[in-house]
Amino acid sequence: MSTTNGMIGKSVKRVEDKRFITGKGRYTDDIVLPLQTYACFVRSPYAHAKIVGVDLEVAKAMPGVVAIYTGADVAAINGVPCGWQVNFKNGDTMKEPKHALLVEDKARYVGDAVAVVIAETREQAKDAAQMVLVDYEELPVTVDAAKAVKPGAPLVHDLAPNNICFDWELGNPKEEVDQALADAAHLTTLEFVNQRVVPNAIEPRSYNAAYDAVSEKYTLYTSTQNPHVIRLLMCAFVLGIPEHKVRVVGPDVGGGFGSKIFHYPEEALLTWATKNINRPIKWTAERTESFLTDAHGRDHVTKAEMGFDTTGKILGLRVKTYANLGAYLSTFGPCVPTYLHGTLLQGLYTTPKINVDVTGVFTNTTPVDAYRGAGRPEATYLLERLMDLAAHEMEMDPAELRLRNFIPPFDGVEQPGFQTQVALQYDSGNYEGVLTKGLEMLGYKEFRQKQQEAAQNGKLLGVGFSTYIEACGIAPSAVVGSLGARAGLFEVGQVRVQPTGKVSVFTGSHAHGQGHETTFAQVVASKLGIPMEDIDIVHGDTDSVAFGMGTYGSRSLAVGGSAIIRSLEKIIEKGKKIAAHRLEANADDMEFEHGQFTVKGTDKSVSFGDVALTAYVPHIYPKDLEPGLDFSSFYDPANFTYPFGCHIAVVEVEKDTGKVALQRFIAVDDVGNIINPMIVEGQIHGGVAQGVGQALFEGAEYDSNGQLTNATYMDYCMPRADDFPLFETATQVTPCPHNPLGVKGAGEAGTIGSTPAVVNAVIDALWSGGHQVKDIRMPLTSERVWRAMQTPVNT
Amino acid sequence: MSIDKNAGNNQPAAENNNGLPNEDRRTFLKKTSAVVALALTPPTVLKAASMDEKIAAAFEQVKITLNINGNRHKLAVEPRVTLLDLLREDLKLTGTKKGCDYGQCGACTVHVNGQRVLACLSLAVMQDGKKITTIEGLAAGEKLHPMQEAFIKHDGLQCGYCTPGQIMSAVACVREGQANSEGQIREYMSGNICRCGAYPNIVNAILEVKNGGQKV
């Protein structure tokens, strides 16, 4: 396509901003329907308990109560499904317990819904919910994945012995990797926890379900990242109601970060109940309820070993991970620690032998699923921590160690893609490029000098590196299908040219902060040569958008944008026929640029607007051509996209207190071609804030009773404005060779790259002061860092 | 971390409860023993108590007058209703957002008599006679407030959910004279969480408004 035209590559201000900065955004909780009722859930205060009885007598008599449902009322309804099947090594399918809309027999985590009260007002629903008397019999609890698999641990589900959902491996045969590591001159071993974090979108999950008895149609407003997926899962797998009689709307959504991909029990329950009471029902999570019931992220316990030869060349990598899946399988729960984690363990390196072994484990905790980055941050953390630690242990420079192991540059066109040991084929890359640029921005030599001087003066300065890769643009349907996905992962883009030449674009992608209404409009404006004001991007409504798989995995522009491009190509092709007829020329002789259809080599032309009008007023029109100018395309990518980059953190650690100050953060990201640099930079900023958050501040803390002890913003440390320096960002461009825009995706890069850079920097600071520390458990609180300095690890 | 910052920056202004007749309600409720006995009383008594509560509630609307975004509102509200719920649920001014309902995220920040206040921690009855400005009332008709312009220019938002609170806080931050440096802005904006992480751009937007010298 012509990318020279117009708006591509410009930092166009976001068209969606005006409604947000004036308070006119329309989020689910802002919507009130006629005869609205409100729901409040009764949730288990115990992590594991038998439900002996539920007494509703008092609650039913409370003012304003419309209906109350318990597990018994929904026992015949299916649970919410899991969208990804991971098999055991022996081929058995994973253990898949029912994830009921309301539990009947047992509660399996704090927050498990036991009953729902529907009342005239929010307050009445809440008051009555407090009067639902549930008789619980407490059961023993298991919260830690590595401990839950041990004999004698309490069982979360009877159908999963030892709490194992699956055991899975990928890569080279284990014996080959064992041999490679046995032959290694140096072996770096790291046992660590990638702690559980809470996504914490500031808009809590919110649903409003309505039923119209006349048309027999349901409408569900939901704070989701993928309305069509929710409709499909809910209709076909849970409620068994006809899909064409259900409209799912994802209006403005206040952040998702993965947690709003999944189909939650509350969505299906409200949709089921609204028909029973024949009134709309709204539920919005309270903040602590969000902490307890939004799917969490990460939570891996891992042992990783990397072998090197005497020159620092990597010979092999062996990984064993226990992945905590929580009490039930969330929509993509099993996929995250396996196909989004194991497949990324090649990193940017030529490692010839890799074996990864993952055990998925049930525990009495909130379900775990994709959180910004999803599996890829865990893989990157593992590799990049190993690299910096190995450099310390071998007394090599960490940048030099990486340069010795990088896959050489390849563009995926002249040079083929790179086939990894763990199933993927990278599309294009120039890994040395981003590191070299990062080192320049840092002033590496000067920094090391400064660090030495600081150490002599008793100050601890450190630098940490992370050179990451991720698999985005999720995903080729055939590939993910062969890996266990129970859905296709294409995207739909429809372009409807109105008779006046104005354009409505319908996309299955969903924006909840990414600025699609701007980026997509830039693409369309450039391709059609018309002003952005003439373009409307429609998303988030199953009644107006034909179909869609939604937004996650940094896929919107690479997959959703490509679908729009396909439709634009069809528009232009048909437009050429219409224009050629008008100009009495051959369609093959037509060219289209800057909004004009021109007969090649002449000044005979007709404008895009004229062609649009002719398509709808087809008086002078080709005989064999249908009227109208409206095309839809389903785009299924040929491969994932593989953004990569280099993140560098500089920290100072206060000796007496262990307090970490992040002094500089440098991010050089290669996300392929860039449509709107301002939006890409914003995505990187946000990703880095969340990744640094995991390194320094955040972590879900369960006690041994399965209580989430920090389920408020007072107790869970969210990154705030004063926790960061200004970020120093730069980009490199290695286009994606297999999609029409050459884009790779930018939504998750910041989160994936940043976490290990920060932890590596703190460890480096400690080594500079003589503390040969291998690991500090995240988040790196002052106390943990201080303790690490008191007990140097013998290596 | 959160405690200090919230206390220091987005602290709701201390306000008097203008002597409204809460005492009557309390006395009445004491008589019916509903508050104390709710959890301990047998169901039959509870039913009676909840009826009393219902009757009591009908008489417990407190009359207040608020000036909201330049419009005078004469209202009757239950004493337990927060300013946030009054704005969102009763007046349909949904621009002000509820992110936590505990004064820990800043999404509900509004101005009361020009000072930033967390609407979720403030009862509506405490605001009688006061001037409230919400995000809907910040622009002068079609003309955006300079802070709104700056947020667009510097890309100070992504999903937009925390944005009304950020902007109301940002305006107050400049008015309070706490926007003199990047560090000071970061500190005095730390009561407003942005999970999208637009902090660098929010800081730049505030710096520009501060340095532009326009009246905010």
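The values are calculated or read from the model by the stated rules, or taken from the named source; none is laboratory data. Just so you know, these numbers come straight off a predicted model, no measurement behind them. All Cβ positions, even for glycine, are placed from backbone atoms using ideal geometry, and neighbour counts span all protein chains on display.
Could you please find all residues in segment A:698-713 being within 8 Å of another protein chain (Cβ to nearest Cβ) and either assigned to a strand (DSSP E or B) or surrounded by fewer than 20 Cβ atoms within 10 Å (Cβ to Cβ) (or both)? Scanning segment A:698-713 gives a single hit, A:T712.
For segment A:714-764, give me each residue that is assigned to a loop (DSSP other than H, G, I, E, B), away from chain B (no Cβ under 14 Å), of a type in the set (G, A, S) and touching an Asp or Glu at 6+ places or on another chain (Cβ under 9 Å). Walk me through how you get there before you give the answer.
Residues of segment A:714-764 that are assigned to a loop (DSSP other than H, G, I, E, B), as a first pass: A:714-720, A:724-726, A:732-742, A:744-748.
After this cut, where a residue has to be away from chain B (no Cβ under 14 Å) as well, the list is A:732-742, A:744-745.
Now restrict to residues that are of a type in the set (G, A, S): A:742, A:745.
A:G745 - this is the single residue of segment A:714-764 that is assigned to a loop (DSSP other than H, G, I, E, B), away from chain B (no Cβ under 14 Å), of a type in the set (G, A, S) and touching an Asp or Glu at 6+ places or on another chain (Cβ under 9 Å).
Of the residues A:A160, A:A145, A:A100, the single one that is crowded, with 23+ Cβ neighbours inside 10 Å and among the hydrophobic types (A, V, I, L, M, F, W, C) is A:A145.
State which residue is surrounded by the most Cβ atoms within 10 Å (Cβ to Cβ) when the search covers only segment A:266-282 and only residues that are assigned to a helix (DSSP H, G or I) and among the polar types (S, T, N, Q). Looking at residues that are assigned to a helix (DSSP H, G or I) and among the polar types (S, T, N, Q), I get A:T271.
Residues considered: A:A563, A:A585. Of these, the only one that is farther than 30 Å from A:N639 by Cβ and either touching a Cys at 6+ places or on another chain (Cβ under 8 Å) or small (G, A, S) (or both) is A:A585. Checking each residue of segment A:681-704 against the condition of being over 22 Å from the mean Cα position of the chain (by Cα) and not charged (D, E, K, R) gives at least one match.
Checked against (1) in a helix (DSSP H, G or I); (2) surrounded by fewer than 24 Cβ atoms within 10 Å (Cβ to Cβ), A:V680 meets all criteria but (2).
Please enumerate the residues belonging to segment B:60-89 that are within 14 Å of chain A (Cβ to nearest Cβ) and closer than 12 Å to B:G129 by Cα.
Kept after step one, since they are within 14 Å of chain A (Cβ to nearest Cβ), are these residues of segment B:60-89: B:60, B:68-69, B:77-82, B:84-89.
Across segment B:60-89, the qualifying residue is only B:I68.
Among the residues here, A:V52 qualifies as surrounded by fewer than 18 Cβ atoms within 10 Å (Cβ to Cβ), touching a residue at least 24 places away in the same chain (Cβ under 8 Å), more than 10 Å from chain B (Cβ to nearest Cβ) and among the hydrophobic types (A, V, I, L, M, F, W, C). Would you pick out the residues in segment B:90-112 that are more than 8 Å from chain A (Cβ to nearest Cβ) and without any contact (Cβ under 8 Å) to a residue 40 or more places away in the chain? B:D90, B:L91 - these are the residues of segment B:90-112 that are more than 8 Å from chain A (Cβ to nearest Cβ) and without any contact (Cβ under 8 Å) to a residue 40 or more places away in the chain. Only one of the numbered conditions (1) more than 14 Å from chain B (Cβ to nearest Cβ); (2) buried (at least 19 other Cβ atoms within 10 Å of the Cβ) is violated by A:G25, and that is (1).
Quick check on segment B:114-165: of everything there that is under 12 Å from B:I68 (Cα atoms) and facing another protein chain (nearest Cβ under 10 Å), which residue is nearest to the chain's Cα centre (by Cα)? Taking the candidates together, the pick is B:T134.
The single condition from (1) more than 14 Å from chain B (Cβ to nearest Cβ); (2) more than 28 Å from the chain's Cα centre (by Cα); (3) of a type outside the set (S, T, N, Q); (4) surrounded by fewer than 20 Cβ atoms within 10 Å (Cβ to Cβ) that A:P63 fails is (1).
Check A:T351, A:T363 and return the single one that is buried (at least 24 other Cβ atoms within 10 Å of the Cβ), in contact with a Phe, Trp or Tyr (Cβ under 9 Å, 6 or more places away or on another chain), polar (S, T, N, Q) and modelled with pLDDT of 95 or more. Break it down into steps so the answer makes sense when it comes.
On the way: A:T351 fails: in contact with a Phe, Trp or Tyr (Cβ under 9 Å, 6 or more places away or on another chain).
Result of the check over A:T351, A:T363: A:T363.
For segment A:550-564, check the following and say yes or no: at least one residue is touching a residue at least 24 places away in the same chain (Cβ under 8 Å), of a type in the set (S, T, Y), out of contact with any Lys or Arg (no Cβ under 8 Å at 6 or more places or on another chain) and not in a helix (DSSP H, G or I). Yes. Here segment A:283-301 is the region considered, the condition is being surrounded by 24 or more Cβ atoms within 10 Å (Cβ to Cβ) and part of a strand (DSSP E or B), and the residue that is nearest to the chain's Cα centre (by Cα) is A:G297.
If you scan segment A:558-585, which residues turn out to be small (G, A, S) and out of contact with any Leu (no Cβ under 9 Å at 6 or more places or on another chain)?
The initial filter retains those residues of segment A:558-585 that are small (G, A, S), namely A:558, A:560-563, A:567, A:575, A:579-580, A:585.
A:G560, A:A563, A:S567, A:A579, A:A580, A:A585, listed by residue number.
Out of A:D534, A:D543, I need the residue that is out of contact with any helix residue (DSSP H, G or I) (no Cβ under 6 Å at 6 or more places or on another chain) and closer than 14 Å to A:N226 by Cα. Which one? Just a single option satisfies the conditions, and that option is A:D543. Entry remark, segment B:166-212: residues being more than 9 Å from chain A (Cβ to nearest Cβ) and of a type in the set (K, R) number 2 in total.
Within segment A:634-657, residues that are over 17 Å from A:L766 (Cβ atoms) and modelled with pLDDT of 95 or more reach partners that are of a type in the set (K, R) and assigned to a loop (DSSP other than H, G, I, E, B) with beta carbons closer than 8 Å, at six or more positions or on different chains, in the pairs A:T641/A:K744; A:Y642/A:K744; A:P643/A:K744.
Any chance segment A:616-639 includes a residue that's in a helix (DSSP H, G or I) and either in contact with a Gly (Cβ under 7 Å, 6 or more places away or on another chain) or away from every other protein chain (no Cβ under 12 Å) (or both)? Before you say what the answer is, go through the steps one by one.
The initial filter retains those residues of segment A:616-639 that are in a helix (DSSP H, G or I), namely A:616.
Now restrict to residues that are either in contact with a Gly (Cβ under 7 Å, 6 or more places away or on another chain) or away from every other protein chain (no Cβ under 12 Å) (or both): A:616.
Yes, the conditions are met somewhere in segment A:616-639.
Filtered by the rule that a residue be within 30 Å of A:H771 (Cβ to Cβ) and among the acidic types (D, E), segment A:644-686 gives A:E652, A:E654, A:D656.
In this structure, does A:A478 turn out to be under 22 Å from A:N739 (Cα atoms), assigned to a helix (DSSP H, G or I) and out of contact with any strand residue (DSSP E or B) (no Cβ under 7 Å at 6 or more places or on another chain)? Write out each step before concluding.
Numbers: under 22 Å from A:N739 (Cα atoms): yes; assigned to a helix (DSSP H, G or I): yes; out of contact with any strand residue (DSSP E or B) (no Cβ under 7 Å at 6 or more places or on another chain): yes.
Against the criterion (under 22 Å from A:N739 (Cα atoms), assigned to a helix (DSSP H, G or I) and out of contact with any strand residue (DSSP E or B) (no Cβ under 7 Å at 6 or more places or on another chain)), A:A478 qualifies.
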